[in-house]
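Notes follow the structure.
The values are calculated or read from the model by the stated rules, or taken from the named source; none is laboratory data. Please read all numbers here as calculations on a predicted model, not as lab measurements. All Cβ positions, even for glycine, are placed from backbone atoms using ideal geometry, and neighbour counts span all protein chains on display.
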Amino acid sequence: MAKDWSASQYLKFEAERTQPARDLLSRVPLSSPKRVVDLGCGPANSTALLVEKFPNASVSGMDSSPDMIKMAKQVLPSVPFEVADLETYQPDGQVDLFYSNAVFQWIPGTKRIPLFQSLLGKLPSGGVFAFQVPDNLAEPSHAAMREAAFTPGTPWVETLTRAAPGRDDFPTAVELYDALQPLASEIQIWRTTYYHTLENHEAIVEWVKGTGLRPYVDPLSPEQKAGFLEEYLARLRQVYQSQGDGKVLLPYPRLFMVAVKA
Ligand SMILES: C[S@@+](CC[C@H](N)C(=O)[O-])C[C@H]1O[C@@H](n2cnc3c(N)ncnc32)[C@H](O)[C@@H]1O
């Protein structure tokens, strides 16, 4: 069974992780939806934005991680949250806005487009499906992760070769458009690169430990994990320069899509 997410590790960079959620929400063309669902709500940082923007809506959240849902219930006790898997999730009743921040990159590649079509298909005319995903697999942070993982002769290479921790490429904007356009009256797609100011290179490791590094470190023993993280950090020092004040800028591209149901 896959190891659970850690809400506390994820929230170490709460402000940076929530900014794209705000930016996504600012382009949702709805003023008073009745029912809103936060898909992959995590520790409710994204759900809190939905509650604030739509105070009269019935807002709920779902996530496959028990640790995330536990935290979400503590943060927003009056909001209904449930542990559920997006691959099998069926909302009860009609939903006007499916909103999802930084989640669909975790769905297996072949299942993403059918899931997007199914979600958009469930909405009433004028309903909105909005999501954002990191678009960073080609970034040095992730190239260094792969290089450190698969360096021949290391104590962890066999374990990680068996575990195959890499993620599938996300559909391109062109593929998304063609897949969803038959169901939509309007589609907005955009890509933004955030430059996150991190204290040092160790902070990049802490950042990805909460998300993209999990499939790489979860299968490792404590000794393998320590060696792998040391190798990864050394590679990060080579590919990201320190700024004049010693901090490190982490470029972080993200892909956004907002589709209105026809
Ligand atoms: C990067 S966090 C995003 C949390 C929050 N939406 C935010 O804006 O920060 C990704 C979340 O997706 C959830 N997730 C991953 N795969 C999932 C699936 N198949 N079904 C439901 N949730 C999933 C994880 O448990 C995690 O909480």
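Is the range 182-201 home to any residue that is part of a helix (DSSP H, G or I) and either within 20 Å of the chain's Cα centre (by Cα) or over 22 Å from residue 116 (Cβ atoms) (or both)? Yes, there is a match, as at least one residue in the range 182-201 is part of a helix (DSSP H, G or I) and either within 20 Å of the chain's Cα centre (by Cα) or over 22 Å from residue 116 (Cβ atoms) (or both).
Could you tell me whether any residue of the range 132-155 is crowded, with 17+ Cβ neighbours inside 10 Å and aromatic (Phe, Trp, Tyr)? No; the residues of the range 132-155 include none that is crowded, with 17+ Cβ neighbours inside 10 Å and aromatic (Phe, Trp, Tyr). The set of residues in the range 117-158 being within 15 Å of the ligand (Cβ to nearest atom), among the aromatic types (Phe, Trp, Tyr) and part of a loop (DSSP other than H, G, I, E, B) is empty.
Against the condition surrounded by fewer than 22 Cβ atoms within 10 Å (Cβ to Cβ), β-branched (Val, Ile, Thr) and closer than 24 Å to residue 188 by Cβ, how does residue 51 come out, does it pass? Here the answer is yes, as residue 51 does meet what is asked.
Does any residue in the range 205-226 that is outside any loop (DSSP other than H, G, I, E, B) come within less than 7 Å, Cβ to Cβ, of a residue that is at pLDDT 95 or above and of a type in the set (S, T, N, Q) six or more places away or on a different chain, and which pairs are these? Matching pairs, first to second residue: 208/141; 224/159.
Residues in the range 217-244 that are aliphatic (A, V, I, L, M) and buried (at least 18 other Cβ atoms within 10 Å of the Cβ): 217, 220, 229, 236. Quick check on the range 32-40. Is at least one of its residues at positive phi, out of contact with any Gly (no Cβ under 6 Å at 6 or more places or on another chain) and within 12 Å of the ligand (Cβ to nearest atom)? Scanning the range 32-40, I find at least one residue that is at positive phi, out of contact with any Gly (no Cβ under 6 Å at 6 or more places or on another chain) and within 12 Å of the ligand (Cβ to nearest atom), so the answer is yes. When the residues of the range 51-77 are filtered to those that are farther than 24 Å from residue 110 by Cα and part of a loop (DSSP other than H, G, I, E, B), the one that is farthest from the ligand (Cβ to nearest atom) is 56. Within the range 26-42, being crowded, with 21+ Cβ neighbours inside 10 Å and under 13 Å from residue 100 (Cα atoms) holds for 36, 37, 38, 39, 40, 41, 42. Pull up the range 78-116, narrow it to residues that are of a type in the set (S, T, N, Q) and in contact with an Asp or Glu (Cβ under 9 Å, 6 or more places away or on another chain), then point me to the one that is farthest from the ligand (Cβ to nearest atom). Ranking the qualifying residues of the range 78-116, first place goes to 110.
Among the residues of the range 9-25, those that are more than 7 Å from the ligand (Cβ to nearest atom), in contact with a helix residue (DSSP H, G or I) (Cβ under 9 Å, 6 or more places away or on another chain) and under 15 Å from residue 258 (Cβ atoms) comprise 22, 24, 25.
All of 100, 118, 125 fail the test of being free of Cβ contacts under 8 Å to residues at least 40 places away in the same chain, of a type in the set (S, T, N, Q) and either in contact with a strand residue (DSSP E or B) (Cβ under 6 Å, 6 or more places away or on another chain) or under 17 Å from residue 257 (Cα atoms) (or both), apart from 118.
For the range 41-50, the candidate set comprises residues that are in a helix (DSSP H, G or I) and of a type in the set (Gly, Ala, Ser); within that set, the residue that is farthest from the ligand (Cβ to nearest atom) is 48. Restricted to the range 160-178, and to residues that are touching a helix residue (DSSP H, G or I) at 6+ places or on another chain (Cβ under 7 Å) and surrounded by 17 or more Cβ atoms within 10 Å (Cβ to Cβ), which residue is nearest to residue 259 (Cα to Cα)? Among residues in the range 160-178 that are touching a helix residue (DSSP H, G or I) at 6+ places or on another chain (Cβ under 7 Å) and surrounded by 17 or more Cβ atoms within 10 Å (Cβ to Cβ), the one nearest to residue 259 (Cα to Cα) is 171.
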